[in-house]
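Q: Sharing a structure, written as structure tokens. Questions coming.
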Amino acid sequence: MPKIVSSDGSIRISGSIIHQVKELLNLATNNGQFGIKVSHIYAEGYTKQDNPYCRSFKTAKEYVGVWYQLAEYVREEFGINKVTDIQAHHIESFIEQKADLSEKSLKNISSAIGKLENVIEQKLGIDVNFGSREDGSGRWLANTLAQDRADSPERGAYESPKELIDNLSSQSHQLVAQLQHEAGLRIHEVAGIRQDSLKFWTDLAGVQHYGIEVQGKGGYERTVEVSRELYEAVKEAVTSDGRIEFKYEDYLKDLKEASALTSQQYQGSHGLRYNFAQERYDSLISEGIGHHEALKTVSEEMGHHREEITLHYLGR
């Protein structure tokens, strides 16, 4: 089984990555002894910022929930079996899946991972790379997303999404935006597209269809149909690079600049999903499909489990 040994050899942690998190929680709480005084923290040579302790049960419960989620994610997605092997880019991938969360929740995720970093470095004496505040990498991506939420708290659709996309600075950003606008994809769904995600089929009338299989929230898989033009663009990107190469923080910055250039209110990346929902619903209604059936279709295509969520996107 994977084994973690502290730098001085006094602490040894074996077992699965989930068990490792449990042991690290024991270190962070002095085996469940909460209420550690600030004076004791200083006496041990720690500062208030880098100390490894969770001083309250409430904080420990919130933080360990994030730790377990992160551990399960990196094990399933990257085959990582030791907490100390987690790198900044693994954390960024984890956080990208949380992009829809509130400003408060995103900040809490960053703080929780920061505390995990402190426990490993201060209690075990092992250096880890969980990201840098200076470049917004690793756990700090959550802070960037939280600020992005604060900058545009009332999310909605863009007034002119196509003009916005045309003014993005790179082809990869334009492709990401097209997938959000034309297929209603979440950011982490775009980031997860690989060659085997591309699908095509012929219906009973002999018409060729093109689609992309993605994994949404809760592991829910769905195939979204796209135009042949968009399909070919995605195929070219994933064939040459293995994935669509982009950095989420840079993409958000580009969207913000393109919004200013086109005199539109910045709506974040999620605004393009609002555009998809509204345009797709209106298209179905214009084809003579009833409200409830149109709502059901849009909900399924967006990966929503509850239709009332989609109603919010429709502004109803």
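Readers should treat all values here as calculations from the given coordinates under stated rules, not as data from a laboratory. Just so you know, these numbers come straight off a predicted model, no measurement behind them. Every residue, glycine as well, gets a Cβ built from its backbone with ideal geometry; the counts of neighbours run over all protein chains shown.
Q: Between the helical axis of 228-241 and the dominant principal axis of the chain, each derived from Cα atoms, what acute angle in degrees is found, rounded to the nearest 10?
A: Helix 228-241 and the main axis of the chain meet at about 30 degrees.
Q: A further question on this structure: Taking the 0 to 90 degree range and rounding to the nearest ten, how far is the long axis of helix 57-78 tilted relative to the main principal axis of the chain, both from C-alpha atoms?
A: Its long axis makes an angle of about 60 degrees.
Q: Using the charge dipole of the chain (Lys, Arg: +1 at Cβ; Asp, Glu: -1 at Cβ; taken about the Cα centre), state which of Tyr274, Thr29, Val64 has its Cα farthest towards the positive end.
A: Among Tyr274, Thr29, Val64, the one farthest towards the positive end of the dipole of the chain is Thr29.
Q: Quick check for me: using +1 on Lys/Arg Cβ and -1 on Asp/Glu Cβ, what's the dipole size of segment 111-251 about its Cα centre, in debye to the nearest 20? Before the final figure, lay out the partial values.
A: Values: 16 positive and 25 negative charges, 106 e Å.
Charge dipole, segment 111-251, about its Cα centre: 500 debye, nearest 20.
Q: With +1 on each Lys and Arg Cβ and -1 on each Asp and Glu Cβ, and nothing else charged, work out how big the dipole of segment 60-108 is about its Cα centre, in Debye to the nearest 20. Mind showing how you got there, number by number?
A: Values: 6 positive and 9 negative charges, 47 e Å.
Dipole magnitude for segment 60-108 comes out near 220 debye.
Q: Continuing with this model, one more query. Given the peptides 295-301, 12-18, 270-276, arrange them by the average over their residues of other C-beta atoms within 10 Å, most packed first. Write out the running numbers ahead of the final one.
A: Numbers: 295-301: 18.6, 12-18: 15.6, 270-276: 23.3.
Packing proxy ranking, top to bottom: 270-276, 295-301, 12-18.
Q: Another question, if that's okay. Describe numerically, in nm with one decimal, the distance between label points set 7 Å from Cα along Cα→Cβ at Glu287 and at Asp50.
A: Each label point is offset 7 Å from its Cα along the Cβ direction, giving 6.0 nm.
Q: I would also like to ask the following. Please list 3J(HN,Hα) in residue order for segment 103-117, calculated via the Karplus relation 6.51 cos²θ - 1.76 cosθ + 1.60 where θ = phi - 60°; whole Hz, with x for glycine and proline.
A: Calculated HN-Hα couplings, in order: 4, 4, 5, 5, 5, 5, 4, 4, 5, 5, 5, x, 5, 4, 4 Hz.
Q: Any of Lys37/Lys256; Lys3/Lys199; Lys22/Lys98; Lys61/Lys82; Lys58/Lys247; Lys104/Lys256 with alpha carbons more than 32 Å apart? Name them for me. Display every interim value, and only then the final one.
A: Working: Lys37/Lys256 44 Å; Lys3/Lys199 42 Å; Lys22/Lys98 23 Å; Lys61/Lys82 21 Å; Lys58/Lys247 34 Å; Lys104/Lys256 21 Å.
Result: Lys37/Lys256; Lys3/Lys199; Lys58/Lys247 exceed 32 Å.
Q: Test of understanding: what is the full-extension gain from Lys247 to Arg12, defined as 0.36 nm times their sequence separation minus their Cα-Cα distance?
A: Extra length available between Lys247 and Arg12 comes to 80.9 nm.
Q: Another question about this same structure. Rounded to the nearest 20 Debye, what is the dipole magnitude of the chain about its Cα centre when Lys and Arg each give +1 and Asp and Glu each give -1 at the C-beta? Mind showing how you got there, number by number?
A: Numbers: 36 positive and 48 negative charges, 325 e Å.
Once rounded to the nearest 20, the dipole reads 1560 debye.
Q: What is the sum of charges, Lys and Arg at +1 and Asp and Glu at -1, for the other residues whose Cβ falls under 13 Å from the Cβ of Tyr210?
A: Values: positive: Lys199, Arg228, Lys235; negative: Glu182, Asp203, Glu213, Glu225, Glu229, Glu232.
Within the 13 Å Cβ shell, the charges total -3.
Q: Restricting to Cα pairs below 8 Å that are 6+ residues apart, what does the relative contact order work out to for the chain? Please round to a whole percent. It would help to have the intermediate numbers written out before the result.
A: Details: 450 pairs, mean separation 47.3, N = 316.
Averaging sequence separation for qualifying contacts and normalising by length gives 15 percent for the chain.
Q: Run the numbers on segment 161-314 and let me know its relative contact order in percent, using alpha-carbon pairs under 8 Å that are six or more apart. Let's see the in-between values first.
A: Values: 197 pairs, mean separation 40.6, N = 154.
About 26 percent, as a whole number.
Q: Would you work out if segment 3-151 is rounded, prolate or oblate? Take a ≥ b ≥ c from the square roots of the eigenvalues of the alpha-carbon gyration tensor; rounded if a/c is under 1.5, else prolate when a/b is larger than b/c, oblate otherwise.
A: Working: a/c = 1.70, a/b = 1.24, b/c = 1.37.
It is oblate, given that a/c is not under 1.5 and a/b is not larger than b/c.
Q: Then there is this: Distance in nm between label sites at Asn31 and Glu236, each 7 Å beyond Cα in the beta-carbon direction?
A: Calculated label separation equals 6.3 nm.
Q: Go through (i) 159; (ii) 174; (iii) 130 and flag the label whose value is the computed volume of the Cα convex hull per residue in Å³ for this structure.
A: Here the calculated entry is (i).
Q: Tell me the mean residue ellipticity at 222 nm calculated for the chain from its helices only (DSSP H runs of n ≥ 4, each -39500 (n - 2.57), averaged over every residue, nearest 500).
A: Values: 14 runs with 165 residues, N = 316.
Calculated from helices alone, the mean residue ellipticity at 222 nm is -16000 deg cm²/dmol.
Q: Just add up the charged neighbours of Gln49: K/R +1, D/E -1, any other residue whose Cβ is under 12 Å from the Cβ of Gln49. Mind showing how you got there, number by number?
A: Values: positive: Lys48, Lys115, Arg133; negative: Asp50, Glu117.
After counting each charged neighbour, the total is +1.
Q: What is the local net charge at Lys296, summed over the other residues whose Cβ is closer than 14 Å to its Cβ (Lys, Arg +1; Asp, Glu -1)?
A: Values: positive: Arg222, Arg280, Arg306; negative: Glu293, Glu300, Glu301, Glu307, Glu308.
Every neighbour counted, the sum reads -2.
Q: What distance in nm separates the simple spin-label points at Arg75 and His40, each placed 7 Å from Cα in the Cβ direction?
A: 3.0 nm
Q: Quick one: which residues, 5 or more positions from Ile80 or on another chain, have an amide H under 5 Å from its amide H? H modelled 1.01 Å from N in the peptide plane, none for Pro or chain starts.
A: Result for Ile80 returns Arg75.
Q: Expressed as a whole number of Å, what is the distance separating the alpha-carbon centroids of segment 174-237 and segment 88-155?
A: Centre-to-centre distance over Cα atoms comes out at 28 Å.
Q: Rounding to the nearest 10 and keeping the result within 0 to 90°, find how far the Cα-based axis of helix 291-302 lies from the longest principal axis of the chain.
A: Once rounded, one gets 50 degrees.
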